[in-house]
Amino acid sequence: MLRLITDFDGPIIDVSERYYRVYQFCLEKTRRRDQDVKQLEKAEFWRLKRSRVSEQEIGTLSGLDAEQAQVFSQLRRQTVHTQPYFEYDTLAPTAVAALEKVQQAGIDLAVLTMRRVRELEFAFNQHNLARFFPKNRCFCLSNDYVKTRDVDDKPLLMARALAELPPAEHTWMVGDTEADTIAAKTHNVKVMGVLSGIRDRAQLELHQPDLIVKDLREAVEFIQSQSWQQVS
């Protein structure tokens, strides 16, 4: 059996608008009433995020002083994974077509995400995605899980997934961050980084995934090409 374990945000969901709206909100909340700030354009903001420029540095580049930038960073961390901001998430352009191709090919499909149960269910309902992921193929955080760091928490989630899933002859992980690569490599799972998420190529390369591809569709096409080669 061939299995694909995919991250959610990045390969399937485009979070850039949510992150940008939270940035705008936090900048407005943090600045003094009489203070001129420089709100970054979305493209520039997202470029900075993908290259892992810190929240404090983004605040500074937006015209906040050092103390304000720290407050801005804390407020952003408290806000980015809350409602109503999840409503700004959109489907990655080729994601649904890629998921349909996976189903049609009979590839076992699971999702492995740092979203909490309620956050994943909201997105499933919003974008009609539950049809691709039965409950026994969904691996996410409980609503009361105390997060530490993604690079520490995601390998634990991967361990749970591999323990609960039936054996597969070949397994690939697809994700958009270093946490995905680390989680996969910790458990000897082959991993592809996608450029459709919150890390750029330079950041993905630092952790040496087996392959870097444009998006989930390209990842699925590669997996299918590999499976055909193995059959032939």
Those residues of the range 177-197 which are touching a residue at least 40 places away in the same chain (Cβ under 8 Å) and touching an Asp or Glu at 6+ places or on another chain (Cβ under 6 Å), in sequence order: A179, D180, V194, S196, G197
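Mind counting the residues in the range 120-140 that are surrounded by 14 or more Cβ atoms within 10 Å (Cβ to Cβ), out of contact with any strand residue (DSSP E or B) (no Cβ under 8 Å at 6 or more places or on another chain) and assigned to a loop (DSSP other than H, G, I, E, B)?
Just the residues of the range 120-140 that are surrounded by 14 or more Cβ atoms within 10 Å (Cβ to Cβ), to begin with: 120-124, 126-127, 129-130, 132-133, 137-140.
Subset that is out of contact with any strand residue (DSSP E or B) (no Cβ under 8 Å at 6 or more places or on another chain): 121-122, 124, 126, 129-130.
If we keep only those that are assigned to a loop (DSSP other than H, G, I, E, B) too, we end up with 129.
Count: 1.
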Scope the range 197-232; condition open to solvent by 20 Å² or more (accessible area, probe 1.4 Å), under 21 Å from Q104 (Cβ atoms), in contact with a helix residue (DSSP H, G or I) (Cβ under 7 Å, 6 or more places away or on another chain) and modelled with pLDDT of 95 or more; matching residues: R217
Every residue from the range 165-179 that is open to solvent by 10 Å² or more (accessible area, probe 1.4 Å) and of a type in the set (A, V, I, L, M, F, W, C): L165, A168, W172
Top-ranked residue in the range 10-45 [being open to solvent by less than 40 Å² (accessible area, probe 1.4 Å) and aromatic (F, W, Y); ranked as farthest from R199 (Cα to Cα)]: Y23
Checking L162 against (1) assigned to a helix (DSSP H, G or I); (2) without any contact (Cβ under 8 Å) to a residue 12 or more places away in the chain; (3) within 23 Å of I107 (Cα to Cα); (4) open to solvent by 30 Å² or more (accessible area, probe 1.4 Å), the condition it does not meet: (2)
Residue in the range 70-90 that is in contact (Cβ under 8 Å) with a residue 24 or more places away in the chain, of a type outside the set (K, R) and in contact with a strand residue (DSSP E or B) (Cβ under 7 Å, 6 or more places away or on another chain) present: yes
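Check the range 141-148 and report whether any residue there is of a type in the set (G, A, S), surrounded by 15 or more Cβ atoms within 10 Å (Cβ to Cβ), in contact with a Lys or Arg (Cβ under 9 Å, 6 or more places away or on another chain) and in contact (Cβ under 8 Å) with a residue 12 or more places away in the chain.
In the first step, residues of the range 141-148 are kept if they are of a type in the set (G, A, S); the result is 142.
With the extra rule that they be surrounded by 15 or more Cβ atoms within 10 Å (Cβ to Cβ), the set shrinks to none.
No.
The values are calculated or read from the model by the stated rules, or taken from the named source; none is laboratory data. What you see is a predicted model; the values in this text were computed from it and never measured. Heads up, the Cβs are rebuilt from the backbone with ideal geometry, glycines too, and the neighbour counts pull from every protein chain shown. In case anyone asks, the SASA skips ligands and DNA or RNA and just uses the protein heavy atoms, side chains included. Shrake-Rupley method; radii C 1.70, N 1.55, O 1.52, S 1.80 Å.
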